[in-house]
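Input: a single structure, listed below in structure tokens.
The values are calculated or read from the model by the stated rules, or taken from the named source; none is laboratory data. Fair warning: this is a prediction, and the values are worked out from it, not measured in the lab. Cβ coordinates were reconstructed from backbone atoms using ideal geometry, including for glycine residues, and neighbour counts include every protein chain displayed.
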Amino acid sequence: MSARIEPATPPFGEDIARPLDRLMKGQTPLRLFTTLARDPRLFQRFFAGGLLDKGNLSIRQREIVILRTTALCRSEYEWGVHVTTFSRLGGLTSEQVQATVTGSANEACWLAEEQVLLRLCDSLHSHADVDDGLWNGLRKYFAEVAIMELLMLAGFYRTVCYLTNGLRMPVEKAGARFPM
């Protein structure tokens, strides 16, 4: 698959180079980032909306939501980037990573708290809403500010999926592929 819009090429201005250097830590920037770098305003707005900082969620919780959301949206590009970059940091097993694509929230590999996260992703994907039963389930495990972050995180990564799918972003060379 070839991308619909080609990425910008270095050298980048300071408004692009500085955030890329800080995030990529000397590695080659991701194609999504260099594509957004074609427009400094879009690039800056994208980075301002990200939730990869230390917030109200653990890396594991964050990555479960990101992997499930990107899998539901069929964004192999973004799912693969997060599997490669963050799944080990979040302590996710290969069975759990696969289950974000092919399994249900009821898989035995998930703790009860994680099943609620998967149900949240499924509900938001299907209905763009959280019913009262699910809300109460979330409140058993998460503070209100964490629940707000979960909603924002799922929404942000849905937007990322719109970008990666709509732009026909090819999977990164080091990116994981969806399980068969």
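Tabulated data
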item	result
Answer from Arg38, Arg4, Arg88 - the residue that is in contact with a Lys or Arg (Cβ under 7 Å, 6 or more places away or on another chain), among the charged types (D, E, K, R) and in a loop (DSSP other than H, G, I, E, B)	Arg4
Restricting segment 149-180 to residues that are among the aliphatic types (A, V, I, L, M) and over 16 Å from the mean Cα position of the chain (by Cα), the residue that is modelled with the lowest pLDDT	Met180
Count of segment 149-180 residues which are over 17 Å from Ile66 (Cβ atoms) and surrounded by 15 or more Cβ atoms within 10 Å (Cβ to Cβ)	1
Criterion violated by Ser126 - all others in (1) among the small types (Gly, Ala, Ser); (2) farther than 30 Å from Pro7 by Cβ; (3) surrounded by 14 or more Cβ atoms within 10 Å (Cβ to Cβ) satisfied	(3)
Residues of segment 24-33 satisfying the condition of being surrounded by 14 or more Cβ atoms within 10 Å (Cβ to Cβ) and either touching a Leu at 6+ places or on another chain (Cβ under 8 Å) or closer than 30 Å to Val116 by Cα (or both)	Pro29, Leu32, Phe33
Selected residue [closer than 20 Å to Leu120 by Cα and either of a type outside the set (Gly, Ala, Ser) or under 10 Å from the mean Cα position of the chain (by Cα) (or both)] from Thr93, Thr70, Thr84	Thr70
Tally, over segment 38-95, of residues that are surrounded by fewer than 22 Cβ atoms within 10 Å (Cβ to Cβ) and among the β-branched types (Val, Ile, Thr)	4
Selection count where residues are surrounded by 11 or more Cβ atoms within 10 Å (Cβ to Cβ) and either over 13 Å from Phe47 (Cβ atoms) or among the aliphatic types (A, V, I, L, M) (or both), scope segment 14-23	4
